[in-house]
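What follows is a set of notes on a single structure, which appears directly below.
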Amino acid sequence: MGLTRTVYDWLGKRLDVSEPAKASGTTVDSERCMWMEVARRVMASYVTSAFQLCEIKFDAGDDPSAKETAASASWLWNVSPNPDQSASEFRADMLERLLVLDGYAVVATTRRAGHVQLYVADGGTMPEIRPGNSALYRQLSIQGSTEVLRGPLTSADVYRLDMGGIGGGWHRLQDMLSRYYDSIGDVVVTSASDRAGRKWILHLDQAQAGTEKQQEVFNAQMQSSVLPWAKSSDGILPLYRGQTIERASADVSKSAGDAASDISTIRHDMFSTVAACFHMPASILEGNVNNFSATLSAFLTFAVDPIAEALGEEITRKTFTREQWAAGARAVVDTTTIKHTDLFDAADSAAKLVGTGATSPNEIRKALGLPPIAEPWADGYQMTKNNEQAGGGETNGND
């Protein structure tokens with residue numbers, strides 16, 4: 001919805017904003033200031049960028065029957081969920097639904113030519129709660145069509161992420177704040193335009209009244225002469241007898257910075273509100289890179305990890321059976337690869353991890369983006385001499 005002002009023409013006739021005005025500049029119908037959504041989209045872009053670097057790892061555990069399921073699920077979630085989207089595009093679509101548009105995301109499964117496909121539902125996703133039974137999803141639409149999923153689906157047939165469970169219901173609060181900030185944004189922008197704009201008063205020596213033809217002549221004069229002249233930096237204005245014009249707007253030189261300050265303040269407040277709702281440092285949304293390491297750590301811990309944990313749990317319980325889960329089958333969103341790691345900067349830490357037996361050489365190579373070594377020792381766990389267990393020294397056989 002836009003901010004609409006009711007205006008009247010020079011004869012006192014109300015101009016309907018649904019119809020084009022006869023004289024340019026007589027109506028104002030501005031798009032609402034969607035600043036809150038801008039802040040949310042910036043936030044979502046950071047979270048999405050982080051998830052693009054993550055791999056969803058599927059571990060089959062000790063159950064042989066879970067291996068094929070894990071391999072198929074890994075292909076869907078990490079490479080090709082459906083013929084039209086890559087995994088990165090799919091995740092971006094899902095997170096946009098979750099973080100910006102709806103506050104929840106529903107991923108529906110379909111089967112085409114014997115292959116399972118994943119799609120992010122874009123409509124009809126509110127579940128029908130049935131106490132004691134699985135929730136029912138009716139009329140789910142995919143890519144704008146309800147024909148792909150003809151019948152209703154139960155909770156077992158879809159993956160669902162809800163910010164009500166992840167973020168404590170912040171999305172509903174943001175919806176209310178969004179409307180409030182949109183109104184304030186409109187006021188600020190309108191006020192800035194009023195202070196910076198040039199306004200004129202057209203004097204007539206008598207009240208204008210006449211036929212519709214006379215009104216058209218006056219409107220033509222306004223459109224062809226007065227309005228273009230008022231908007232231009234220089235020019236000549238022809239006036240009829242009995243008409244004079246004077247400037248009504250005040251000198252804006254003393255308050256030139258007020259508008260920019262007002263806009264900057266409200267923008268900062270909205271970005272801080274969105275950051276607080278999603279438990280992420282406000283400095284990230286503002287593009288401030290001071291103390292980046294600590295800021296990134298807080299972002300991953302409180303903004304990314306909760307969503308990753310919720311997604312991993314949802315995929316696990318909808319992909320594996322209870323018996324497979326008991327045997328160790330899991331789906332985990334690996335967020336350790338989000339932070340950029342330089343090979344030379346990580347050398348000392350890598351040596352310590354391998355030397356203490358915490359990781360194998362191949363695990364370190366995988367974390368650094370290097371191919372594995374095709375040798376048995378590279379998959380083993382090693383300890384350097386100075387990390388061995390403390391002993392009592394050599395024995396001489398007399399003890």
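Identify, please: which residue in the stretch 50-102 is open to solvent by 20 Å² or more (accessible area, probe 1.4 Å) and aliphatic (A, V, I, L, M) and is, among those, modelled with the lowest pLDDT?
In this case the residue turns out to be Leu101.
Just the residues that are over 16 Å from Tyr119 (Cα atoms) and either of a type in the set (Gly, Ala, Ser) or part of a loop (DSSP other than H, G, I, E, B) (or both), please, taken from the stretch 64-78. Before you say what the answer is, go through the steps one by one.
So the first thing to find is which residues in the stretch 64-78 are over 16 Å from Tyr119 (Cα atoms), and the list is 64-71.
Once the filter is applied, which keeps residues that are over 16 Å from Tyr119 (Cα atoms) and either of a type in the set (Gly, Ala, Ser) or part of a loop (DSSP other than H, G, I, E, B) (or both), the stretch 64-78 yields Pro64, Ser65, Ala66, Ala70, Ala71.
Exactly one of these conditions fails for Ala358: (1) outside any helix (DSSP H, G or I); (2) within 28 Å of Thr48 (Cα to Cα). Give me its number.
Single failed check for Ala358: (2).
Please enumerate the residues belonging to the stretch 277-297 that are of a type outside the set (D, E, K, R), under 23 Å from Lys339 (Cβ atoms) and part of a helix (DSSP H, G or I).
Initially, the stretch 277-297 is screened for residues of a type outside the set (D, E, K, R), giving 277-285, 287-297.
Retained after the next criterion (residues that are under 23 Å from Lys339 (Cβ atoms)): 278-285, 287-297.
Ala282, Ser283, Ile284, Leu285, Phe292, Ser293, Ala294, Thr295, Leu296, Ser297 - these are the residues of the stretch 277-297 that are of a type outside the set (D, E, K, R), under 23 Å from Lys339 (Cβ atoms) and part of a helix (DSSP H, G or I).
State whether one or more residues within the stretch 195-212 are open to solvent by less than 70 Å² (accessible area, probe 1.4 Å), in contact with a helix residue (DSSP H, G or I) (Cβ under 8 Å, 6 or more places away or on another chain) and modelled with pLDDT of 70 or more.
Looking through the stretch 195-212, at least one residue is open to solvent by less than 70 Å² (accessible area, probe 1.4 Å), in contact with a helix residue (DSSP H, G or I) (Cβ under 8 Å, 6 or more places away or on another chain) and modelled with pLDDT of 70 or more.
On the basis of being among the aliphatic types (A, V, I, L, M), at pLDDT 80 or above, assigned to a helix (DSSP H, G or I) and under 30 Å from Leu296 (Cα atoms), does Met43 make the cut? Spell out the reasoning first.
On the way: among the aliphatic types (A, V, I, L, M): yes; at pLDDT 80 or above: yes; assigned to a helix (DSSP H, G or I): yes; under 30 Å from Leu296 (Cα atoms): yes.
Criteria met by Met43.
Just to be sure before I move on: is Pro131 over 20 Å from Thr335 (Cα atoms), open to solvent by 40 Å² or more (accessible area, probe 1.4 Å) and more than 21 Å from the chain's Cα centre (by Cα) in the structure I sent? Steps first, please.
Numbers: over 20 Å from Thr335 (Cα atoms): yes; open to solvent by 40 Å² or more (accessible area, probe 1.4 Å): yes; more than 21 Å from the chain's Cα centre (by Cα): yes.
Against the criterion (over 20 Å from Thr335 (Cα atoms), open to solvent by 40 Å² or more (accessible area, probe 1.4 Å) and more than 21 Å from the chain's Cα centre (by Cα)), Pro131 qualifies.
Checking Tyr240 against (1) modelled with pLDDT of 70 or more; (2) open to solvent by 60 Å² or more (accessible area, probe 1.4 Å); (3) aromatic (Phe, Trp, Tyr), which test does it fail?
Failing condition for Tyr240: (1).
Kindly establish whether Val106 is at pLDDT below 90 and part of a strand (DSSP E or B). Give the steps one after another, and end with the answer.
Details: at pLDDT below 90: no; part of a strand (DSSP E or B): yes.
Judged against the criteria, Val106 is not a match.
Here are some residues: Ala220, Ala259, Ala308. Which one is at pLDDT 80 or above and open to solvent by less than 60 Å² (accessible area, probe 1.4 Å)?
Details: Ala220 fails: at pLDDT 80 or above; Ala259 fails: at pLDDT 80 or above.
Just one listed residue meets the conditions, Ala308.
Which pairs do you get when a residue that is outside any loop (DSSP other than H, G, I, E, B), found in the stretch 119-141, comes within reach of a residue that is acidic (Asp, Glu) and modelled with pLDDT of 80 or more, reach meaning Cβ atoms under 6 angstrom, with the pair 6+ apart or on two chains?
Val120/Asp93; Leu136/Glu128; Ser141/Asp122
Looking at (1) open to solvent by less than 50 Å² (accessible area, probe 1.4 Å); (2) among the small types (Gly, Ala, Ser); (3) over 20 Å from the mean Cα position of the chain (by Cα); (4) more than 25 Å from Gln324 (Cα to Cα), find the lone condition where Ala105 falls short.
It fails just one condition, (3).
Quick check on the stretch 109-128: of everything there that is modelled with pLDDT of 85 or more and of a type in the set (S, T, N, Q), which residue is most open to solvent (accessible area, probe 1.4 Å)?
Thr109
Checking the condition under 21 Å from Glu37 (Cβ atoms) and of a type outside the set (A, V, I, L, M), which residue from Arg130, Arg91, Arg112, Arg150 passes?
On inspection, the qualifying residue turns out to be Arg91.
Are there any pairs with C-beta distances below 8 angstrom linking a residue in the stretch 312-328 that is closer than 13 Å to Pro64 by Cα and aliphatic (A, V, I, L, M) to a residue that is open to solvent by less than 20 Å² (accessible area, probe 1.4 Å) and assigned to a helix (DSSP H, G or I), with the two at least 6 apart or on different chains, and if so which?
As it stands, the answer is Ala327/Ala66, since those pairs meet every condition given.
The values are calculated or read from the model by the stated rules, or taken from the named source; none is laboratory data. Values in this document were obtained by computation on a predicted structure and should not be read as measured data. Glycine gets a Cβ as well: all are built from the backbone with ideal geometry, and neighbour counts include every protein chain shown. The protein model used for the area step is the full one, side chains on, heavy atoms only, and it has no ligands, DNA or RNA in it. Shrake-Rupley method; radii C 1.70, N 1.55, O 1.52, S 1.80 Å.
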